[in-house]
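Structure first, then comments.
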Amino acid sequence: MKRATIPALVVVVGVLVLADLLLVNDSLSELAGVAIDAAILVAAGAALAAVASLAVRRARDLWRRRGDPIGAALVLAGMAAMLIAGLRPGAAGATDPAVGWLVAALLIPIGATLFGLLFVTTLAASRRSLASRSREATVLVGAALVVLLMLLPIGGVVGERLSDAAGWALAVPIGAVFRGMLIGVAILAAVFAARTLLGVGATDE
Amino acid sequence: MSERSALAARLAPLLLVGALAAALLAGLDDRLTLESADDGAARAVTAAFDAMPDDALVLVGFDPDVGTYAEIRPTVRAVLADLLNRGATLGLVSLTPDGRALAIAELARMDRSEANPRQLIDLGFLPGAEAALVAVARGINGGSQDPIRADLPSPPDLAVVIGGIDLGARSWVEQVQPRIDGLPIVAIAPTVLLPELEPYRASGQLAALIGTPRDGAAYRAQAELGRLERMVDPAAGPSPAAIIVGLLVAIGVLGQAFGSRLAAVMRAARPRDVA
Amino acid sequence: MSGFFGTAQADQIATWVAALATIVVLGGLLGERRVFGWSQHLLAGLTTGFLALLAITEVIVPRIVEPLVADPGGRPELWLGLLLVAAAAAVPWLPRVVAGVPLSITIGTLAAFALGGAVVGTLLPQLAATVAGREATVTDTVVGVAAAGVSGLVLIGFVHGTPRGRVVSLAAAGGRWLMLAGLGGWLGYLLFSRLVLLVDRIAFLVGDWLGLAR
C-alpha cells in the first residue's frame, strides 16, 4: 500500500459521511452506514489495543521490577478482577452483579472522591495564581469570587436576589462570552476538519 | 515557606473536611433550603415532559462521569421516576464506559424498586463517541433491522441526555438533532458544564437544562412521582449547610488572597500618584 | 445516600470497601501520596478492565461473533468487520501501512462529524441566536445588543491570533479580557461543582458508612 493511500482513505470516508448528512440518497446512506459501523468496530478494537498495551507495559514493569511494582500489580489486578467478574463461565458480562459490585465498591468511590479532592486543589491553585501578581489571574479569580457569592444557597430576600443575579449572569454576560467561544471553537474545528478531509497539511501551504 | 505555615497548609484540608462533616452532622438542613428561588429551569423540564404524548418513548443518553455523577444523581433519579410515573418507556443507551457503568447500576437499582421492568429498555453500550451518536440517530431513522431500532417499539418522542465531561448534551445537539427532525432534548449536566450548555438552551436547541444542584432541588420539589416516590431518596440532595460552609470557606480563601492582591496594587500605585 | 448499596451482606461489605477507598483517596489531601497513588493505579486497572469487558461483551460478541457463529457463510461483511477489529486491536504492533486502515476510518469519520456537527449544530444556530432582535422592553433590547457585542468581541479575540490594524487589535484585546472574565465565572461553577462532590463523599462516610447523618 502506497503512502498516499491512507490520506485518500481518510478523504473517501470523510466525504462519504459528510455527504450523507447533506444529501438524501439511499445508496449513499448505505455506504455511509458501513463506514460508521466500521468506525464503531475500530473504536472497540482500539479499546482492546489500549488495554492490552497498558497491561503489557505494567507486566513488563513488574517483571523487571521497574518503577512502582505494587502500582503495576494493582493495575493488573484491577483489570483481571473486572475481566474475570464479567467473562467467567456463566457471567452476564458487564451487567453481572460481580461487575456491579466492583463498580459500586471501588470504581465509583475512588473516581468520585478524586473529583471531590479537586475542590481543595483548584482552590489552592487559584490562590497561588493570585500570588503570581498577574492581571489575568486577578480578573479570573475576581469573576470566580462573584459567581461563588451568587451561588450561596441562602434564603430570604438576599437569597432571592442572589439567585436572580446568578440566573442573569449566566444567561447574559457568561452566556454571551461562552456563545462567542463556542462559535470560535466551531469555526476552528470546521476549518481543521475541512483541511483534514481535503488532505491539506502544513507542508501544502 | 516557614515550618508553621507548611503545617497550616497541610492541616487546612483536614479542617475543611472536619467543618463539612460538622455541618452535615449539625442537623441544620431542615431549616435550610437548596432550591433555587428561580424555578425556570425546573418548569422548563416539566413543560417538556407535559408536551409528550401518552405512553411516550424517551431515549435516555446516559453518559455521566463516575467522578461528577454524585452532583446530578438525585435529579437523574427524580427525572427517571417522573418519566416512569407518566407512563413513558425509557430506552437507555450509553456511549462512554463511565456512563455504561452508572447506567447498569441505576438499572439494577430500578429493578430493585417498584419500577415496571416493561418500561425499561437497556440499549447497551456503543463505542466511538460521535460515530456512535450518529449510529443511534441513523438507527432511529432506519429500519427495524438496526440493532438500536429493533429494540425500540417506536421512534422516540423526547431525548433526555444525562451528560458528563466526556460526552453530553453538546454532542447530542451537534450529531443527533440535525439527523432526527423535531426531537426535543432535555439535558441534565453537572454545574461545571452549565456555561458551555447555556447558549444551546438560550437558542432553543435544548428544550430544558438542569445544570446546578439548586435547579435540581427545585425540580425535585415540583415533580409528582406518585407511587415511585420511593425510587427517590428524599434526603438525597447535597446538604445545604455543608454547601454554605464550603462556599464560605472558598469565598474566604479566595477573597483574602484577592483583597491582598488589590491592596498591593493600590500600594504600588500610591507613590507614583504622590510623585 | 448514594443508593447503590442494598441490604445484602455483599452490599454491606461493598459499603466498607467503598468507605476505605474514600478514606485512602482523601488521605491524598493530607500528603499521604503512596497509598493514594496505589488507589489511582487500581482505578486505572478497573477502568481499563471495564472498557475491555464492554468492548468484548457489548460490541464484538453481539455484533460480530454471535452472527458469525450462527451463520458463518451468510454475511461475508462480518469477516471483514472481524479483521477490522483485529487490526485496530493490534495497531501498536502492526506495520504502519496495515495500521493505517483503521486509523484512516477513525480520522475520516471524526473529521466529517466534527465539520458537520460544528457547522450545522453550533455555528449556524448560535450565529442566529447572537443576532439581537427587538425585545419586550427597551432595557431587554439594550441587554440583547450588549450580549451580542460581547459575543462578537470574544469571537474576534478567540479567532485572531495576531490581529492586524488598530481597531481589530483593540477589539481582540477587549475580547480576550471578556473571555478571561467568562472563564473566571466558569471557575466559580467548577469550584461549586467540586464542592458538591466533596460534600457527597463526606456525606457517604458519615451517613452510609457510619450511619450518623440523615
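Odds and ends about this structure:
- Hits in region A:112-122 - residues which are more than 7 Å from chain B (Cβ to nearest Cβ) and among the small types (Gly, Ala, Ser): A:Gly116
- Selection status of A:Gly142, facing chain C (nearest Cβ under 9 Å), under 23 Å from B:Ala250 (Cα atoms) and in contact with a Phe, Trp or Tyr (Cβ under 8 Å, 6 or more places away or on another chain): yes
- Region B:1-114 holds helices (runs of 4 or more DSSP H) entirely within its bounds, and those carrying 1 or more residues that are over 30 Å from C:Leu29 (Cβ atoms) and either open to solvent by less than 50 Å² (accessible area, probe 1.4 Å) or out of contact with any Asp or Glu (no Cβ under 7 Å at 6 or more places or on another chain) (or both) map to B:40-50, B:69-85, B:97-112.
- For region A:155-166, a residue qualifies if it is more than 7 Å from every other protein chain (Cβ to nearest Cβ) and either in contact (Cβ under 8 Å) with a residue 12 or more places away in the chain or not in a helix (DSSP H, G or I) (or both), and the qualifying residues are A:Leu162, A:Ala165, A:Ala166.
- Filter result for B:Val186 (more than 11 Å from every other protein chain (Cβ to nearest Cβ), crowded, with 22+ Cβ neighbours inside 10 Å and touching a residue at least 60 places away in the same chain (Cβ under 8 Å)): yes
- Residue in region C:148-170 that is among the small types (Gly, Ala, Ser), under 13 Å from A:Gly175 (Cα atoms) and open to solvent by 50 Å² or more (accessible area, probe 1.4 Å) present: no
- Of the helices (runs of 4 or more DSSP H) lying entirely inside region A:1-111, those containing at least 2 residues that are open to solvent by 70 Å² or more (accessible area, probe 1.4 Å) and either β-branched (Val, Ile, Thr) or within 7 Å of chain C (Cβ to nearest Cβ) (or both) span A:5-22, A:69-87.
- Residues (closer than 30 Å to C:Leu46 by Cα and open to solvent by less than 20 Å² (accessible area, probe 1.4 Å)) located in region A:112-169: A:Ala112, A:Thr113, A:Gly116, A:Leu117, A:Phe119, A:Leu123
- Scope region B:205-217; condition touching a Gly at 6+ places or on another chain (Cβ under 9 Å) and either open to solvent by less than 20 Å² (accessible area, probe 1.4 Å) or more than 24 Å from A:Leu152 (Cα to Cα) (or both); matching residues: B:Gln205, B:Ile210, B:Pro213, B:Gly216, B:Ala217
- Summed over region C:1-21, the residues that are surrounded by fewer than 22 Cβ atoms within 10 Å (Cβ to Cβ) and in a helix (DSSP H, G or I) give a count of 10.
- Inspection of region C:48-55 finds a residue satisfying the criterion of being at the interface with chain A (Cβ under 7 Å from one of its Cβ atoms) and either part of a loop (DSSP other than H, G, I, E, B) or within 30 Å of B:Gly237 (Cβ to Cβ) (or both).
- The set of residues in region B:33-51 that are farther than 11 Å from B:Ile210 by Cβ and touching a Lys or Arg at 6+ places or on another chain (Cβ under 7 Å) comprises B:Leu34, B:Glu35, B:Phe49.
- Test: residue in region B:251-269 that is in contact with an Asp or Glu (Cβ under 7 Å, 6 or more places away or on another chain) and either surrounded by 13 or more Cβ atoms within 10 Å (Cβ to Cβ) or facing another protein chain (nearest Cβ under 9 Å) (or both): no
- Odd one out for C:Ser151, checked against (1) more than 7 Å from every other protein chain (Cβ to nearest Cβ); (2) touching a Ser or Thr at 6+ places or on another chain (Cβ under 8 Å); (3) hydroxyl-bearing (Ser, Thr, Tyr): (1)
- Residues of region C:185-201 classified as open to solvent by less than 10 Å² (accessible area, probe 1.4 Å), more than 7 Å from chain A (Cβ to nearest Cβ) and among the hydrophobic types (A, V, I, L, M, F, W, C), total: 2
- For region B:120-170, the set of residues classified as modelled with pLDDT of 95 or more, in a helix (DSSP H, G or I) and either within 30 Å of B:Glu229 (Cα to Cα) or in contact with an Asp or Glu (Cβ under 6 Å, 6 or more places away or on another chain) (or both) consists of B:Ala169 only.
- Picking from residues in region C:91-123 that are within 7 Å of chain A (Cβ to nearest Cβ) and over 22 Å from A:Leu198 (Cα atoms), the one that is surrounded by the fewest Cβ atoms within 10 Å (Cβ to Cβ) is C:Pro92.
- Qualifying residue in region C:30-40 (condition: surrounded by 17 or more Cβ atoms within 10 Å (Cβ to Cβ), polar (S, T, N, Q) and at the interface with another protein chain (Cβ under 7 Å from one of its Cβ atoms)): yes
The values are calculated or read from the model by the stated rules, or taken from the named source; none is laboratory data. All values reported here derive from a predicted model rather than from experimental measurement. Cβ coordinates were reconstructed from backbone atoms using ideal geometry, including for glycine residues, and neighbour counts include every protein chain displayed. The area values use the complete protein model at the heavy-atom level, side chains included, leaving out ligands, DNA and RNA. Shrake-Rupley method; radii C 1.70, N 1.55, O 1.52, S 1.80 Å.
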